[in-house]
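See below for the structure under consideration.
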């Protein structure tokens, strides 16, 4: 599990987050001191699904009519590190294509992380949402191919990384 800040290690972080923050789906108030938005994210795996690979924050920022999107890895499983290219290495793959099975020997059952927007511009509109990505698992077409003893598709990848995402949080600059 990757902890980016000691805040999460404090026993009262949930209480502090509810008292001083906004939930997903809300408007983030403009900060007169120009402080960067801070996010705490937590995800638990579905008991009947693959373990979790990572949690990302996706930021869409708009200024002067131009929008940009950036993806930030916030929390991830294993002992991987962000590389010099700014990317996180893949979690791995336990999928057995011959049996359409996988094992939860990689990934994590729970991920939690803390993130501050390093590129925050208080004069730009911003939308933030979290995305949670599971480890690779067989695609439905792979399950069917194995079940019916037919070849795997040559046009559709046999493995997928399922994902879930939150409602966004919106930031509007002060007028």
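For the chain, the pair-distance distribution built from all alpha carbon pairs, in bins 5 Å wide starting at 0, is 1, 8, 14, 17, 16, 14, 11, 8, 5, 4, 2, 0, 0 percent.
Across the range 75-152, Cα-Cα pairs more than 22 Å apart make up 48 percent of the total.
Under the Kirkwood approximation applied to all pairs of distinct alpha-carbon atoms, what is the hydrodynamic radius of the range 87-129 in Å?
Details: mean 1/r = 0.0680 Å⁻¹.
Over the range 87-129, the inverse of the mean reciprocal pair distance is 14.7 Å.
Can you give the calculated 222 nm mean residue ellipticity of the chain, where each DSSP H run of n ≥ 4 adds -39,500 (n - 2.57) and the sum is split over every residue, rounded to the nearest 500 deg cm²/dmol? If you can, show how the numbers build up before the last one.
Details: 2 runs with 16 residues, N = 175.
That calculation yields -2500 deg cm²/dmol at 222 nm.
Gain on full extension, evaluated as 0.36 nm per residue between residue 68 and residue 84 minus their Cα-Cα distance, stands at 3.6 nm.
Diagonalise the Cα gyration tensor of the range 112-175 and give the resulting equivalent ellipsoid semi-axes, square root of 5 times each eigenvalue, largest first, whole Å.
Values: eigenvalues 345, 28, 17 Å².
Ellipsoid half-lengths, sorted descending, are 42, 12, 9 Å.
For the range 17-83, how big is Rg over Rh, using alpha carbon atoms and the Kirkwood form of Rh? Using only Cα positions, Rg/Rh for the range 17-83 is 1.02.
Computed from label points 7 Å out along Cα-Cβ, the spacing between residue 147 and residue 170 is 4.2 nm. Modelled label positions at residue 98 and residue 14, each set 7 Å beyond Cα in the direction of Cβ, lie 4.5 nm from each other.
Hey, could you get me the Stokes-Einstein D for the range 45-110, Kirkwood radius over alpha-carbon pairs, 20 °C and 1.002 mPa s, rounded to whole µm² s⁻¹? Provide the component values of the computation, followed by the final result.
Working: Rh = 14.2 Å.
Using the Kirkwood radius from Cα pairs, D works out to 151 µm²/s.
In this label model, residue 159 and residue 116 are separated by 3.7 nm, measuring between points 7 Å along each Cα→Cβ vector.
Within the range 113-142, find all residues whose amide N lies under 15 Å from a label point positioned 7 Å from the Cα of residue 26 along Cα-to-beta-carbon. Under cut-off, by backbone N: 128.
None of the figures in this text is laboratory data; all of them are computed from the coordinates on show. Predicted, not measured: the structure shown is a model, and the values here were computed from it. Heads up, the Cβs are rebuilt from the backbone with ideal geometry, glycines too, and the neighbour counts pull from every protein chain shown.
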